[in-house]
Amino acid sequence: MVIQSTLSTHTLSVVLPRAIQPEMVTVSVKKGDRLNIVADAWHMENDCHYEWQVHFAPGDADMPSVRARFAPDGKLTITVQRRAPGQTSGYGRGPLGTRF
């Protein structure tokens, strides 16, 4: 997984094997400014489970802004807006998990 950050956004991206379909990917927001990403092809025995846990600096990421896109070529792109210094948390404004 590649993570790129600008002043306004964190972007996480990874190209998953073709066997991984969108319904096999779960992105979840966790306490402590953490993001869990799991891709699991339950019908396969090898090269079928991928998992990442990303920790953001406290107060840096606006966790309700998490958005994920799964492209036809298997590229998963997740964007997270960064909070401006002094901006309050937006928790409670949206769902805490995204299922494709």
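Points to keep in mind about this one:
- Unit charges on C-beta of K, R, D, E only; dipole of the stretch 17-73, Debye: 200 debye
- Rotationally averaged projected area of the chain (alpha carbon convex hull; nm²): 6.4 nm²
- The chain, accessible surface, carbon-and-sulfur percent (1.4 angstrom probe): 53 percent
- Most mobile of 25, 66, 15 in a GNM of the chain (Cα contacts under 10 Å): 15
- For the stretch 4-14, 3J(HN,Hα) per residue [Karplus equation, 6.51 cos²θ - 1.76 cosθ + 1.60, θ = phi - 60°, Hz, x = Gly/Pro]: 10, 10, 10, 5, 10, 8, 9, 10, 10, 8, 7
- Taking the centroid of alpha carbons for each part, the stretch 8-44 and the stretch 45-61 are 7 Å apart.
The values are calculated or read from the model by the stated rules, or taken from the named source; none is laboratory data. For clarity, every value in this text was computed on a predicted model and none was experimentally measured. Cβ: placed from backbone, ideal geometry, glycine included. Neighbour counts: every protein chain shown. Accessible surface areas use protein heavy atoms only, side chains included; no ligands, DNA or RNA. Shrake-Rupley method; radii C 1.70, N 1.55, O 1.52, S 1.80 Å.
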